[in-house]
Every structure is written in C-alpha cells, then in structure tokens.
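**Student:** Pasting a structure below so you can have a look.
Coordinate-derived values only; no laboratory data. In this text, all values refer to a predicted model and were calculated from it rather than measured experimentally. Because the Cβ atoms are built from the backbone with ideal geometry, glycine has one as well, and the counts that use them run over all protein chains shown.
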Amino acid sequence: MSDAMNTHNQLFAAQALLPTGWAQNVLLRWDAQGLFSSIETGVDAARCAGVAQAGGPVLPGMPNLHSHAFQRGFAGLSEFRGQAQDSFWSWRNLMYRFAARLGPQHLEAIATWLYIEMLEAGYTSVCEFHYLHHQPDGQAYAPDGELSLALLRAAQTAGIGITLLPVLYQNSGFGGQAPNDGQKRFIRSTDNMLRLLETLAPACAAQGAALGLAPHSLRAVAPEALQEAVQGLHALSAQAPVHIHIAEQMAEVNACVAWSGQRPVAWLLDHMPVDARWCLVHATHMDAAEYAAAAASQAVAGLCPLTEANLGDGIFDLPRWQAGAGRWGIGSDSHIGVNAAEELMMLEYSQRLQSQQRNVAASAQQPHVGSHMLLAAVQGGAQASGRAVAGLAVGQQADFVVLDGQHLALAGLPAAEQLDAHVFASSRSSAVASVWVGGQCRVADGRHRLHHSAQRGFVAARSELLQET
C-alpha cells in the first residue's frame, strides 16, 4: 500500500464479518459508485495511518425483506381485547380502518421516520410490499402512482436502499370473491398494475431502487391473473423479484384446501414457476413435503418473527428449512418492532421454545448463533431484494454496520461474542454506532441526522390520523 494512498472511501476494521466468517484486520474499500472494490484481510494496521478506523466489529448491512410502511403508524394501537378471541383477522379489521384515512403526506412522513428507524437499527435496505394505492374512495390519484412515489421519496430522504413491490390485490377470498369495502384502496386490474410498473421504472432507476411485484396472496389474486401478472413483470424485467404472502394463518390454509384441494405452498409450487426470484413471505404453515419442495425451488422464505409473534401466526420450522438448504431472510412487516437484532433474537427464541433446545440456528461452519443467523439473513435478504447487497464482498454495495465496541454489552468481548451480545444481551439498548449505505454514512454515533425532524413529522401525521378515527 502506497504512503500516498487515498484515505477516502476506506475503512479499517480490527474485526469484520465477511461471507466466509470473521476476519481480522480488514481494509474495506469502495468506489465512487458505492460498490466494494477491494476487501483485504490481515492488513498491518500501522500501514493504514489516516484511514478511518471502525470502533467495533463491522457487519454487513441487513436487508429488510418485508415492510408495510404505513403500518408503522398503527403499531401499538391494537393491543387490547376487542372480542372473545382476537386473531390476525380482528387485527386486520382495525388496520383497515387506520389505512382508510392515510393520504400521501401521511404516508411519506410515516415512511421517512420508519426508514430512519430502520437505518438506526442496522437495516440498510428495505423491500416495500406496497398495497395502499388509491384515494380513500377507491379512485386513482393523479399521478396514479402517487403513493408509490411517496415511498420512493421517503427512502431517498432517509438514504436507505429500496426494492419497491407494488401489490396486486383483486379479491377478498379464494375463488374470486369480490373485494370488501376496506380493500377498495388496494384494487388494481392486472393490466393496470403492469402499466403502473412501466410508469414507476424510471423513478426507481433514477435512485438505484429495484422494482418488482407482489401478488398479495392466493386468496387475493386468482390463478389466471397471477400467471398473467408474473409473465408481464418478467417481460419487463427478467430478474425482477416476486413476493407473495403465503400460509401465514391456518384459516388461510384451510380455505385454500377447500378451494383447490391443496395447501397454499403446494398449490403455488405446482402452478407457478417459483424459483430464486420469489420470496415466500411467512410460509409459516407448511407440511414436510412443502418444506422440502419450497426449499428446493431456491425461493427465499421471508420471516417476520416479531410481527408473526404479535399476530399469533405460529412458528416457522427453521431447522427443517435449513436441513433442505432453504434460504431465508427477515423483515419487520407491521413494524411492531423495528430492530434487526431483535428479529433474529425472536426467531431463535421461537425455535428454542418449540424444540426445547438451545442454539438452534447455528451450524458446524458458524457455531455462534448470531454470526450464522446474520450471514444467512443477509444472503437471503439480498436475493429477495434483487439488489447487490449481499454483504462485505467485492462488487456488492458498500452497505455495512459498525457496532459500538464500548457498549456495555459488548466491551471487552471477542468479535463473535460481541455480535451474540448485540443480538441477545443488549437489553433493548442499541449497540449500533454507525451505518453506511453505498459508502455513505447515514447514521453516526447511533443517530441519523434527520432523526428529530423526521420523528416530529411522524408524530404529527399519526396524531392527525388518530384525530380523524
């Protein structure tokens, strides 16, 4: 390394979690486009004078593979018993009432704060599963994609990477049941959806966002429309991601069996070209054959442990999925919690409660649970994002997180134990020191520069919406 080396666009880390595992004395370099250009290990620290030094372990940035941004404004507002047995379905009715009043300015304010929360919590990109399309009366905005554009603006303001997934929603139940009044803001014809994607493509490209499609669920999109929409998407962009809610609730599974004679995941695999472009969101309730076949398809399982726990969805069988080399990532979904480490903790703890064992999500290659889970979630999340955000590797976007090595939970520990402590022992206090997206520092000393102004905007938007309910 020359003494005259350019010290910009570089970071020296005593420990960094590479795709192959922990490495020591790592020099990260990225180019003007924000992509990693080189990653050297075993570098003599004395040769890096003038290069920025990480104050703790460096982790790959976490993709958040499932988000309904507007639901952040609703978090905490349904934690009361409204009937003898509350469930996902009673929660959904309350959520619909909240969604009915949102306007573009509310959505942008809520999403801007949410995306800043995500960055401060270690997420560096988000897949936005966006189904709130129209005005409260069901009429289109002008422009038609106004709410999608509000989300893109929010992501750009916050500085988070985004995969925009406009949702195709047409029916209220299996067999083409007509949508109900609470769903009128969601509804689009297949042709209308494909036109929307064409319209949004330039705006996405302008800010480095990916664009895909989210058929909401098998109950919301009939077979012919599902096939037509996916074919139309891939005619526009062959590698575009496809995300779908699947097998989240047993009521959904039973209704699918009554309609088709098959469980949802089995039906999807038999009737659609499911492959590595697909993300099966939740996929909670699968039988053994579905677990094996879905894992073999190379689709990503989109797990949202905090939301799934909050809604009483059930527990995904992670050991069975990993036994089939299944790919998975995490999302914050309804945003009852916005914390990448807590999602991983909830996922591991749910497995422990189910199996009555410990350290379930580990492997022979990565015996530390935190390291194994984080690497798996980054790989799966990147695949589901359709973006080059697969960790600390040449050619990937320079998205990374620096932990605070002096945080009480981490101080004095080896790197692998520091990550485990960050996930399991930080007691809701953040150990995230800084967050970088595309080589740009978005969070410093644990705070985004827009933290306070965005927070005020969120509170004002939520207060206005609640006054109207």
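**Student:** In 10 Å bins starting at 0, how do the alpha-carbon pair distances of the chain split up by percent?
**Tutor:** 4, 21, 32, 26, 13, 3, 0, 0
**Student:** Counting pairs of alpha carbon atoms under 8 Å apart in space and at least six apart in sequence, what relative contact order in percent does the chain give?
**Tutor:** Reported relative contact order: 21 percent.
**Student:** Kindly express, to the nearest 10 degrees and within the range 0 to 90, the angle between helix 415-424's C-alpha long axis and the longest C-alpha principal axis of the chain.
**Tutor:** 30 degrees
**Student:** Follow-up. If each residue of separation counts as 0.36 nm, what is the full-extension length gain between L77 and V459 once their alpha-carbon separation is subtracted?
**Tutor:** Working it through step by step, the gained length comes to 136.1 nm.
**Student:** Around N359, what is the net charge, scoring Lys/Arg as +1 and Asp/Glu as -1 over all other residues with Cβ under 15 Å from its Cβ?
**Tutor:** In short, -1.
**Student:** What is the sum of charges around A210, taking Lys and Arg as +1, Asp and Glu as -1, for the other residues whose C-beta is under 13 Å from the C-beta of A210?
**Tutor:** +1
**Student:** Residue separation times 0.36 nm, minus the C-alpha to C-alpha distance between T199 and H271: what's the value?
**Tutor:** Separation in residues times 0.36 nm, less the Cα-Cα distance, equals 23.0 nm.
**Student:** Moving on to the next point. Counting only other residues whose beta carbon sits under 13 Å from that of A178, what net charge do I get with K and R as +1, D and E as -1?
**Tutor:** Value of the local net charge: +1.
**Student:** Bin by bin, in steps of 10 Å, what percent of the Cα pairs in the stretch 8-155 do you find, going until the bin that has the longest distance?
**Tutor:** Result returned by the calculation: 10, 28, 23, 17, 15, 6, 1.
**Student:** With no solvent and one equal point scatterer per Cα, compute the Debye intensity ratio I(q)/I(0) for the stretch 68-214 at 0.09, 0.14, 0.16 Å⁻¹ and report its log10, rounded to two decimals.
**Tutor:** Debye curve over Cα of the stretch 68-214, log10 I(q)/I(0) at q = 0.09, 0.14, 0.16 Å⁻¹: -0.29, -0.70, -0.90.
**Student:** Note the angle between two axes, namely the Cα long axis of helix 104-120 and the longest principal axis of the Cα atoms of the chain, as a number of degrees from 0 to 90, rounded to the nearest 10.
**Tutor:** Helix 104-120 sits roughly 40 degrees off the main axis of the chain.
**Student:** Please report, to one decimal in angstroms, the Kirkwood hydrodynamic radius of the stretch 241-302 built from all distinct Cα-Cα pairs.
**Tutor:** Hydrodynamic radius (Kirkwood, Cα only) of the stretch 241-302 equals 11.3 Å.
**Student:** Work out the length of the dipole vector of the chain about its Cα centre, built from +1 on the beta-carbon of each Lys and Arg and -1 on the beta-carbon of each Asp and Glu, and round it to the nearest 20 debye.
**Tutor:** Computed about the Cα centre, the dipole is about 360 debye.
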